[in-house]
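I have placed the structure first, in the form of structure tokens, so that the comments after it can refer back to it.
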Amino acid sequence: MAIILNIETATKNCSVSLAKDGIILAIKELNNGNYSHAEVLHPFIKDILQEANILKSKIDAIAVSKGPGSYTGLRIGVSAAKGLCFALNKPLISIDTLTSLSHAIFVEEGNIVPMLDARRMEVYTAVFNKNHQKIKTTTAQIIDKNSFSEYLEKNKVYFLGDGAQKCKEIITHKNAVFIDDKFPSSKEMAKLSFEKYKKNDIEDVAYFEPFYLKDFIVIPEKKKKPTF
């Protein structure tokens, strides 16, 4: 038996769940269009522990969405997960954000393409088959009308995630299917983290870092011209 706390903060959806052997005991999420993770993450953790009537000490592992995604969101989630691991002396499990998102839908045929919004027409994405196995590695990709054509010519391709919304008018192939209102969630993390726990597939808490995919770039503020 394993009780695992799952933390998802890679996008604007702040999501926390508590699961026993991959089955959700309690979950709390907020996706209000803002990055409010710093304010709500720890209260959410406290709330679901109270709802499930489980003490922190009874948790067997902490799982965190490792990215790609928002630099700030990932930092907040990973920092919280690491802090709990150190305080409770529990193992850390990392879950690939796009893999988790791909499990938000089930299809009988074709491919699944989760997309996370990057900047302008760029997305973080990967390609999965109908069994949620990754068949194209994670990349930061600029979308144009020919994107994913090698998959679209053969079968249905299901696009989901906040990055998919801005691609609807560009990817117009008849086999393109866009799924609305799907975000990375700790709900999908539950079974994935339990499978990793059973294999003892854990991270080194001291050295683990999120998978940013791209370097964080700080855009300097424009200097104001002096007025005389």
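Each value in this text was obtained by applying a stated rule to the coordinates, not by laboratory testing. Note that the structure is predicted; figures quoted are calculated from it, not measured. A quick note on method: Cβ atoms are made from the backbone with ideal geometry, for glycine too, and the neighbour counts reach across all protein chains shown.
Considering only the chain, what is the antiparallel percent among its DSSP beta bridges, to the nearest 5? Just about 60 percent of them are antiparallel.
Extents of region 105-179, taken as max minus min of Cα coordinates on every principal axis and listed largest first, are 32, 23, 20 Å. DSSP assigns beta bridges within region 105-179; of those with both partners inside it, close to 55 percent run antiparallel. Each of the peptides 145-154, 76-85, 18-27 was scored by the mean count of other Cβ atoms within 10 Å over its residues; in descending order, highest first, they stand as 76-85, 18-27, 145-154.
If you place +1 on the Cβ of every Lys and Arg and -1 on the Cβ of every Asp and Glu, how big does the dipole about the Cα centre of region 51-129 come out, in debye to the nearest 20? Present the calculation step by step, with values, prior to reporting the outcome.
On the way: 8 positive and 7 negative charges, 112 e Å.
Using only the charged Cβ atoms, the result is roughly 540 debye.
Of the residues Ser185, Ser193, Ser70, the one that moves most in a GNM of the chain with alpha-carbon contacts below 10 Å is Ser70. Computed about the Cα centre, the dipole magnitude for region 118-219 is approximately 420 debye when only Lys and Arg (+1) and Asp and Glu (-1) carry charge, each at its Cβ.
So in region 41-154, what percent of DSSP beta bridges are antiparallel if you round to the nearest 5?
Numbers: 10 of 15 bridges.
Bridges in region 41-154 are about 65 percent antiparallel.
Dipole of the chain computed with +1 at Lys/Arg Cβ and -1 at Asp/Glu Cβ about the Cα centre; of Ala2, Ala206, Ala61, farthest Cα towards the positive end is Ala206. Orientation-averaged projection of the chain equals 15.5 nm² [convex hull of Cα atoms, one quarter of hull surface area]. Descending by average beta-carbon neighbour count within 10 Å, the peptides 171-181, 58-68 line up as 58-68, 171-181, the highest first.
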